[in-house]
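The values are calculated or read from the model by the stated rules, or taken from the named source; none is laboratory data. Note that the structure is predicted; figures quoted are calculated from it, not measured. With ideal geometry, Cβ positions are generated from the backbone for all residues, glycine too; neighbour counts draw on all protein chains shown. What goes into the accessible areas is simple: the full protein's heavy atoms, side chains included, and nothing from ligands, DNA or RNA. Shrake-Rupley method; radii C 1.70, N 1.55, O 1.52, S 1.80 Å.
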Amino acid sequence: MVPLTKALEIEQTEIASRPRVLHVATVALSLNLMRGQLAFLREAGFEVTLISSPGGELEAAGRSEEIETLAVPMAREISPWRDLKSLVRLYRVIRRLRPSITNVGTPKAGLLAGMAAWLARVPCRFYTLRGLRSETTRGLKRRILLLSERIACLCAHRVICVSESLRQRAVALGIVQPHRALVLGSGSSNGVDTSRFLLTPLLLNRVAGLRQELKIPLEAQVVGFVGRLTRDKGVAELVKAFNRLCETSAVVWLLLVGDFEDGDPLPPDIRRAIETDSKIIRTGFVPEATVYYHLMDVLALPSYREGFPNAILEAHAAGKAVVATRATGIADAIVDGVTGVLVPVGDAEALAKGLESLLKNKDLATGMGSAGRERVRREFQQERIWGGLAREYSRLLSARGLPQPETESQRVSSTVTTEHSVVQS
């Protein structure tokens, strides 16, 4: 039998030998982009800590992923004094935790936490690039955003881009050097759990109940959208395209799963149309959009820019075809003419024609939805993304001569071996 003091020493050594990885996001709402990922890393042998601004989502993520969480306030928009205070707080937290790895994401956390990790000399620093806000900005704000992204990338040893077109765009803008940028698998930030979208009898009942609740006629064809109702999401073009569809069909409805945001407001006439047209339904933000995809005949995503749109993968997982713009990130999510239709950015006329072609040809839409579902199953399984991330962590740890993670079974085996050697001695 191992003495209690020796057992405690063994346990402390095991804990200390687990590489600590610190993930940082600006706001708790972004944690949905990491659902399941942090639990996977914990089970893969990492000691995981999550930091974001305070919020119920942060606490919920800690419980569901079974990891440590810390709240550090960070402003989403530029705020020099608040940003400086956040930088100091992040530096102090990182110095105290002494992680082997940091992975920072979202623009503000990428900059502040990235700088804090660099100042604290964290040995393995990652930046997850989920999109470029600078693509849809102009003037001074664009220059500031580009500079912020360059600094965030310079502070990182590896920059994980969530799509190949985003990687190419970041390299072309001089934001990151090609050899430091990589894409995990076929892209996306977290993959998709396709089991959530299986059309079970229970889910069918929920879909029927929701259709009745939203007062959508059974004969209506539904064009859906999931996301923020902002200018750079192409919502203005979507409303114009919908109006065009209504000129030739009386049974088309528009379902907007999301809500308005002040940061990138829609033109007043577009917002007024959304609020007053009885055939346009705005749900507000919903915690889980799965059931809403099954109300749609086709998903529309006319965004000006993306990193890698989860809405397209989720729509495909539900067996839905998609009409979207040929923008950064979106081009990676759709195989044009196979799983959906790509149209030029900002072209409401082309968007209307693309939607009309699928609404009028149900066999074509069904075939594209099925092809999309199969592609998601084949290329965007969550474990594929998570496993790729864990391997990148281990690869950089190895290059730095740092301890590798041990799984639970490996730690149990190691403990048994140690106990046996103590008994023999």
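The table for this structure:
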quantity: Subset of the range 165-205 (residues that are farther than 21 Å from Glu149 by Cβ and in a helix (DSSP H, G or I)); calculated: Thr194, Ser195, Arg196, Phe197, Pro201, Leu202, Leu203, Leu204, Asn205
quantity: Within the range 230-278, considering residues that are in contact with a helix residue (DSSP H, G or I) (Cβ under 7 Å, 6 or more places away or on another chain) and basic (Lys, Arg), the one farthest from Glu135 (Cα to Cα); calculated: Arg244
quantity: Unmet criterion (only one of (1) touching a strand residue (DSSP E or B) at 6+ places or on another chain (Cβ under 8 Å); (2) modelled with pLDDT under 95; (3) of a type outside the set (Gly, Ala, Ser); (4) in a helix (DSSP H, G or I)) for Val93; calculated: (2)
quantity: Matching entry among Val88, Val93, Val72, Val104 (being of a type in the set (A, V, I, L, M, F, W, C) and more than 16 Å from Thr26 (Cβ to Cβ)); calculated: Val88
quantity: 3 or more residues in contact with a strand residue (DSSP E or B) (Cβ under 9 Å, 6 or more places away or on another chain) and within 23 Å of Leu214 (Cβ to Cβ): qualifying strands (runs of 3 or more DSSP E) within the range 296-395; calculated: 298-301, 321-325
quantity: Any hit, the range 31-50, residues being at pLDDT below 90 and open to solvent by 20 Å² or more (accessible area, probe 1.4 Å); calculated: yes
quantity: Pick from the range 38-67, criterion outside any helix (DSSP H, G or I) and of a type in the set (Ser, Thr, Tyr), ranking: nearest to Val21 (Cα to Cα); calculated: Thr49
quantity: Leading residue by the ranking (most open to solvent (accessible area, probe 1.4 Å)) among those in the range 206-231 that are assigned to a strand (DSSP E or B) and not aliphatic (A, V, I, L, M); calculated: Gln221
quantity: Scan of the range 343-366 for residues that are within 12 Å of Gly234 (Cβ to Cβ) and open to solvent by less than 50 Å² (accessible area, probe 1.4 Å), ordered by number; calculated: Val343, Gly346, Ala348, Ala350, Leu351
quantity: Single condition Asp264 does not satisfy, out of (1) open to solvent by less than 50 Å² (accessible area, probe 1.4 Å); (2) modelled with pLDDT of 95 or more; (3) within 16 Å of Glu237 (Cα to Cα); (4) of a type in the set (D, E, K, R); calculated: (2)
quantity: Single residue of the range 234-248 satisfying the filter (open to solvent by 30 Å² or more (accessible area, probe 1.4 Å) and not hydrophobic (A, V, I, L, M, F, W, C)) that is nearest to the chain's Cα centre (by Cα); calculated: Lys240
quantity: Contacts under 6 angstrom Cβ, first residue in the range 26-48 being closer than 19 Å to Ser394 by Cβ and in contact (Cβ under 8 Å) with a residue 60 or more places away in the chain, partner basic (Lys, Arg) and buried (at least 19 other Cβ atoms within 10 Å of the Cβ), 6 or more apart; calculated: none
quantity: Qualifying residue in the range 6-17 (condition: surrounded by 15 or more Cβ atoms within 10 Å (Cβ to Cβ), within 25 Å of Ala156 (Cα to Cα) and either within 19 Å of the chain's Cα centre (by Cα) or at pLDDT below 80 (or both)); calculated: yes
